[in-house]
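> Got a structure here, written out as structure tokens. Questions coming.
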Amino acid sequence: MIKVNKPNKVNKVDLNKVEKEIKGGYEVKIGEIRAFCPFSQMGGRRKEENETFEGRTLTFLITEYKNEGRNVLVSNRAVLEAARLSQLETLKAKLTPGLTVSGKVLSLQPFGAFVDVQGFRALLPISELSFDRVTDAGDVVEVGQELKVKVIKTDWKNERVSVSLKALMADPWEEAATKLPVGTKVTGKISKIMDFGLFINLDKGIDGLVHISELEDVSAKSNLQKLYKIGQEMSVVVEKVDAEQKRI
């Protein structure tokens, strides 16, 4: 159906078929009338690569009607935008921080994943995938996977919603002091190398710092990047645990 934005005319007509692509846009057949839809007014804001509209039956808004129907301009984008804004108003009331919702992974990105949440494309940041250090979102989730996530941030002005998978998991630091008391000897793998020391993965989601001053045969001027490798095993002893600040 098509919405008509002009006085003293019927509000709806059928058969809004995109006939063909012409210079600057598309020829659209509305009943017996042939209208013109510019490229900029066809489809939503996000267009798929090589997307075509020829032969499709769509909904349009008449934006200009002249010469008894001989000059008619229409917009498909205006209809889609109106529907999108209406959906956003509904989602504002429904998607609030702290809410647990279902989602489906749409795509994987270097910075995380996009998840369809009630028709809205929300961001699942890579830092919110797990308590473990994650460098590739594909190691945790895959496209098409159904998830339960928690809404952690909304910015409706910029139409952004962030969700978290990690927020629904048990925080390993809550048991860190019990599982890794002072004096515990443990073998872990180097997860990060800094100028001031090494971070060692001691348990799922828990990294401890070995300060450069605590490393054998190493001086304050040593280049740790040349002496150690990510993933290298190292035996250490727990000296201090600060679960509240998440530091060992």
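> Open to solvent by 80 Å² or more (accessible area, probe 1.4 Å) and out of contact with any strand residue (DSSP E or B) (no Cβ under 7 Å at 6 or more places or on another chain): which single residue out of Glu175, Glu159, Glu146 fits that description? Talk me through it step by step, then tell me what you get.
Values: Glu159 fails: open to solvent by 80 Å² or more (accessible area, probe 1.4 Å); Glu146 fails: out of contact with any strand residue (DSSP E or B) (no Cβ under 7 Å at 6 or more places or on another chain).
Going through Glu175, Glu159, Glu146 in turn, the sole match is Glu175.
> Is it the case that the range 112-128 has a residue that's small (Gly, Ala, Ser), in a loop (DSSP other than H, G, I, E, B) and at pLDDT below 90? Can you show your working first?
Looking only at the range 112-128, we keep the residues that are small (Gly, Ala, Ser), and these are 112-113, 119, 122, 127.
Adding the requirement that they be in a loop (DSSP other than H, G, I, E, B) leaves 119.
Next cut, at pLDDT below 90 only: 119.
For the range 112-128, residues small (Gly, Ala, Ser), in a loop (DSSP other than H, G, I, E, B) and at pLDDT below 90: present.
> Those residues that are surrounded by 14 or more Cβ atoms within 10 Å (Cβ to Cβ) and not in a helix (DSSP H, G or I), I need them from the range 134-143; list them, please. Write out each step before concluding.
Within the range 134-143, the subset surrounded by 14 or more Cβ atoms within 10 Å (Cβ to Cβ) is 134, 137, 140-141.
Correct list: Val134, Val140, Val141.
Residue-wise test of (1) on the phi < 0 side of the Ramachandran plot; (2) of a type in the set (Gly, Ala, Ser); (3) buried (at least 16 other Cβ atoms within 10 Å of the Cβ).
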position	(1), (2), (3)
Lys166	yes, no, yes
Pro181	yes, no, no
Thr187	yes, no, no
Ile190	yes, no, yes
Glu214	yes, no, no
Ser219	yes, yes, no
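> In the range 159-204, what count of residues is obtained for those that are closer than 15 Å to Val236 by Cβ and part of a loop (DSSP other than H, G, I, E, B)?
Summing the residues that are closer than 15 Å to Val236 by Cβ and part of a loop (DSSP other than H, G, I, E, B) in the range 159-204 gives 5.
> Could you list, in sequence order, the residues of the range 161-180 that are at pLDDT 90 or above and of a type outside the set (Gly, Ala, Ser)? First the steps, then the outcome.
Filtering the range 161-180 for residues at pLDDT 90 or above gives 161-168.
If the condition is that a residue be at pLDDT 90 or above and of a type outside the set (Gly, Ala, Ser), then Val161, Val163, Leu165, Lys166, Leu168 are the ones that fit.
> Taking the conditions exactly as written (open to solvent by less than 70 Å² (accessible area, probe 1.4 Å) and among the acidic types (Asp, Glu)), does Asp116 satisfy them or not?
yes
The values are calculated or read from the model by the stated rules, or taken from the named source; none is laboratory data. Everything numeric here is computed off the predicted structure, so don't read it as measured data. Methodologically, a virtual Cβ is constructed for each residue, glycine included, from the backbone with ideal geometry; neighbour enumeration extends over all protein chains shown. Just so you know, the surface numbers come from the protein's heavy atoms only, side chains and all, with ligands and any DNA or RNA stripped out. Shrake-Rupley method; radii C 1.70, N 1.55, O 1.52, S 1.80 Å.
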